[in-house]
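The values are calculated or read from the model by the stated rules, or taken from the named source; none is laboratory data. Predicted model, so just to flag it, every value in this text is computed and none were measured. Note that each Cβ is placed from the backbone with ideal geometry, even for glycine, and that neighbours are counted across all protein chains shown.
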Amino acid sequence: MTNVTAEIKQSNGITMVAKKVSAKWFGDKNVLSFDAKGIKKVLSNVGQSCFIVRDPNGLIGVADRLGTDDPSKLTSMELLATVPAFLPSQLGDPEFRKTYGLQYNYMTGAMANGIGSAELVIAMSKAGMLSSFGAAGMVLSRVEKEINAIQKALGDKPFAVNLIHSPSEEALEREATDLFLEKGITIVEASAFMDLTPHIVRYRASGLSQDADGKVVIKNRVIAKISRSELAEKFMKPAPDPLLDQLVAEGKISKDEAECARKIPMADDITVEADSGGHTDRRSLVCLLPAIIALRDELQSKFQFPKEVRIGAAGGLGTPKSIFAAFMMGAAYVVTGSVNQACLESGSSDPVRKVLSEVDMVDVMMAPAADMFEMGVKLQVVKKGSLFGLRAQKLYDIYEAYNGMDEIPEKERGSLEKTLFKDTLDNIWKNCVDFFNERDPDQIKRAEDNPKRKMALVFRWYLGLSSAWANSGEKGRELDYQIWCGPAMGAFNKWTKGSSLENWENRKAAEVANHLLTGAAHLFRIQSLEMSGIRMHSDYKHWEIA
Ligand SMILES: Cc1cc2nc3c(=O)[nH]c(=O)nc-3n(C[C@H](O)[C@H](O)[C@H](O)COP(=O)(O)O)c2cc1C
């Protein structure tokens, strides 16, 4: 069996003799596959180890077992490599699974207005994954109702709820925090934060205690979603003293809770979000993720927390390759968004699911956001099958060009009223007055003597309703659907072409996740082959042996 002998001269003058032993595979040759289809099948069966062999003619094949029950069939061949089983449940940091009681390091990110629905959360949790309920933009009574439904269906199984920062309506964030504490929500996905607020700090500190060894026991977990280092840093450090002191003085947390909070980071996990659907800075994951991991390492060595903050990846993940790449870059877990909106459980509508199933990677664009329209903030939406992006941009251009609706040229105004608003701008303003008088009358007061602000409220009427039309599948408004979506959707559509998942009616979120993770585990096995000097071409036919 010995076929190579090498002499190695050491610096001390002694010559060592090394022997490279080429191993053998023993078994029934009928179980060997030498064709691309068979090789792919064996390698894809990720729960079973397999063997790469070379026959006497130099042909490379694969077997999923060693040995045979029938000694008369015993064949031996050169064994090039053993590929161990590698399960999707082995991807990512095991601490993530342990902390949240999960089977897989996979999370579906929140999707506002209940697009990240109770149904989606329940399905994912039952499948051993984490899912965040899309509470943003919903009235609290509805959020409470949905939380009740989730808790009833899941019992002790884990799930998260989105705690979204609300700079313009602080009460929304405060009341959401009250509700989450009252309902015993122990995992929040904190997003859109520009700085730490008393509310997120109160949530984190509430219920902290110390065990007999003085170790801090965490009750409320925070998974913070960020796309900038400055913000990540705030969540990777303990809560700031002034905020903790203020909360103690107000009686919102105890002194003991504040003391515990000084010993742990604000977040257990940081999701690094790259080019995603909805609000996004469109950063590159390959640049941002390593930078945030390095920042974590630096802060961990400074603070020496008992458990380091884990770093997950989001944005653009819609294929096994991208998910595999995120794990290879060091992501502790992965988060998807766009692809879940396209699934049957999402709170969106069938017409939207159909549109989503037809988009390509380039069929997305940045369009003005309803919530921060005047500030010029944009979010990523679908541009194929909907004119929303272009129409919303037109509104923003008009907003920039004129000081009020009276200044809009007659022809332009007529066109807006005919195509976008399907009503006169004066009537839309009346709708705004009715709407805000119930919800936030101050908005109307501030707009009455300010024609530009008035114009913004009228334009935001369109921006706000366009996502409601999409979610309800409003007939006649298809061209105005505002569908938040990133390039991950197009990548997913390309990858699923020709499979059962090509049809939107077959897309179920947990199944999608299982396919993505199993595909990533398969790629991991191919990568492990490469590490043993065997490179297989993507056709599963051609090989290079180092
Ligand atoms: C329809 C939609 C709505 C979203 N709404 C929210 C939200 O309310 N809160 C939030 O934290 N993230 C929201 N996101 C972001 C997702 O949670 C997730 O981080 C992101 O979609 C991941 O990137 P991907 O779209 O490339 O998969 C939303 C994304 C989509 C597609």
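The figures follow:
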item: Only listed residue being of a type in the set (D, E, K, R) and within 30 Å of residue 118 (Cα to Cα), chosen from 422, 411, 384; result: 384
item: Failed item in (1) over 21 Å from the mean Cα position of the chain (by Cα); (2) aliphatic (A, V, I, L, M); (3) assigned to a helix (DSSP H, G or I); (4) buried (at least 19 other Cβ atoms within 10 Å of the Cβ), with residue 179 passing the rest; result: (4)
item: Some residue of the range 194-201 being closer than 26 Å to residue 332 by Cα and modelled with pLDDT under 95; result: yes
item: Candidates 466, 528, filtered to the one that is in contact with an Asp or Glu (Cβ under 6 Å, 6 or more places away or on another chain), of a type outside the set (D, E, K, R) and either assigned to a helix (DSSP H, G or I) or farther than 15 Å from residue 338 by Cα (or both); result: 466
item: Scan of the range 203-237 for residues that are within 17 Å of residue 160 (Cα to Cα), basic (Lys, Arg) and either more than 15 Å from the ligand (Cβ to nearest atom) or surrounded by fewer than 20 Cβ atoms within 10 Å (Cβ to Cβ) (or both), ordered by number; result: 204, 219, 221
item: Top-ranked residue of the range 275-331 - restricted to ones that are under 13 Å from the mean Cα position of the chain (by Cα) and of a type in the set (Ser, Thr, Tyr), ranked as nearest to the ligand (Cβ to nearest atom); result: 276
item: Matching residues, the range 335-362, being within 14 Å of the ligand (Cβ to nearest atom), out of contact with any Phe, Trp or Tyr (no Cβ under 6 Å at 6 or more places or on another chain) and within 24 Å of residue 287 (Cβ to Cβ); result: 335, 336, 337, 338, 361
item: Search result, residues across the range 95-133 that are farther than 13 Å from residue 335 by Cβ and within 12 Å of the ligand (Cβ to nearest atom); result: 112, 113, 114, 115, 117, 120, 133
item: Filter pass, residue 69 being among the acidic types (Asp, Glu) and closer than 30 Å to residue 529 by Cβ; result: yes
item: Filter pass, residue 189 being in contact (Cβ under 8 Å) with a residue 40 or more places away in the chain and under 21 Å from the mean Cα position of the chain (by Cα); result: yes
item: Index of the failed condition, residue 377 passing every other in (1) surrounded by 15 or more Cβ atoms within 10 Å (Cβ to Cβ); (2) under 30 Å from residue 315 (Cα atoms); (3) touching a residue at least 40 places away in the same chain (Cβ under 8 Å); result: (1)
item: Helices (runs of 4 or more DSSP H) wholly inside the range 264-359 that include at least 2 residues being under 23 Å from residue 86 (Cβ atoms); result: 285-303, 320-328
